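See structure below.
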Amino acid sequence: MGYYEEARDAFRRGDTDVVERLSRQELDRARASADVAAEVEALCMLARVALRGDDAREAVRLAAEARALARGTGERRLERVPIHVLAASARITGDLAAARSLYGESIALNESLGESRMVVAEQHNLGYVELRAGDADRARELFTAARRQTLRHGHDDLIPCVAVDAAVIAAADGDHRRAARLLAAADSALRELQQVLDPDDAIEQEALRDRLAGALGRRSFDAAYREGAGLDLRQALSR
């Protein structure tokens with residue numbers, strides 16, 4: 001297993017100390033050997049660590065440095081992750097105009113490169129930007145498209161994310177019990193995978209949890225949550 005895979009898996013587990021250690025080692029190695037592609041990867045991973053540590057300014061600095069390096073190579077593929085991290089930073093800080101623009105750029109770039117998984121992930125991310133901007137219909141379209149493509153193409157690692165999206169839609173429709181069941185199914189799947197959500201998605205997950213507990217009351221929320229905890233995610237999404 002190479003650096004990127006090891007760091008990515010540690011990040012998904014929430015082992016940010018491990019990610020930071022591996023990434024700083026890789027950054028030193030990449031700079032010493034003039035390996036620009038590896039330097040871009042390491043900078044972006046450190047930017048993700050900064051986001052998880054609530055330091056959006058540092059995340060932007062690192063991702064912008066990575067994007068500048070990527071642009072200097074003339075290889076558009078190397079810009080994929082820096083653009084994604086810059087978009088996530090804008091989303092977290094509430095700069096919706098910048099987030100929308102960056103996610104749109106990311107979708108277009110990944111479509112041109114044939115990166116279908118990343119297109120789906122960015123549709124999911126853009127849905128929350130539109131939701132915050134007050135365009136619930138557009139958010140619903142994006143969430144639905146992301147869910148359908150995730151299930152159709154077998155992007156299994158994205159299923160917990162699109163399940164939370166479906167829970168958000170259910171809550172917006174007033175079906176709070178279904179939303180609680182979907183949230184529980186997503187939480188169970190993440191525990192089974194030994195993964196945590198990315199920082200921007202984790203914020204949405206916790207906001208939804210609080211909203212549902214307030215709408216249903218603690219006892220009703222807990223009951224609906226227990227119903228969903230044992231559901232298979234694909235089954236839960238079909239109900």
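The values are calculated or read from the model by the stated rules, or taken from the named source; none is laboratory data. These figures come from a predicted structure and were not determined experimentally. Every residue, glycine among them, receives a Cβ derived from its backbone with ideal geometry; neighbour counts consider all protein chains shown. Surface accessibility is based on the protein's heavy atoms, side chains included, excluding ligands, DNA and RNA. Shrake-Rupley method; radii C 1.70, N 1.55, O 1.52, S 1.80 Å.
Key figures
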| read-out | value |
| --- | --- |
| Inter-label distance for residue 28 and residue 215, nm, one decimal - labels placed 7 Å from Cα along Cα-to-Cβ | 5.0 |
| Within a Gaussian network of the chain (alpha carbon springs, distance under 10 Å), most fluctuating of 106, 220, 188 | 220 |
| Label-point gap, in nm, between residue 112 and residue 157 - each point 7 angstrom along Cα→Cβ | 2.4 |
| 0 to 90° range, to nearest 10: angle between helix 80-93 axis and the chain longest Cα axis | 50 |
| Gaussian network model of the chain, Cα within-10 Å springs - most flexible of 207, 32, 163 | 32 |
| Nearest-0.05 FRET efficiency for residue 5 and residue 73, computed from C-beta distance (R0 22 Å) | 0.50 |
| Whole-percent carbon and sulfur share, accessible surface of segment 1-114, 1.4 Å | 48 |
| Cα centroid of segment 154-233 to Cα centroid of segment 22-100, whole Å | 29 |
| Karplus 3J(HN,Hα) series, Hz, for segment 114-131 with 6.51 cos²θ - 1.76 cosθ + 1.60 (x for Gly, Pro) | x, 8, 5, 4, 5, 4, 4, 4, 6, 4, 4, 5, 5, x, 6, 4, 5, 5 |
| Using θ = phi - 60° and Karplus 6.51 cos²θ - 1.76 cosθ + 1.60, couplings along segment 97-113 (whole Hz; Gly, Pro as x) | 5, 5, 4, 4, 5, 5, 5, x, 5, 5, 4, 4, 5, 5, 4, 5, 8 |
| Rounded D (µm²/s) - segment 12-79, Kirkwood Rh over Cα pairs, Stokes-Einstein at 10 °C, 1.306 mPa s | 132 |
| [x] 30, 22, 19; [y] 32, 19, 16; [z] 53, 19, 15, with the label sought being that of the calculated semi-axes √(5λ) of the Cα gyration tensor in Å | [y] |
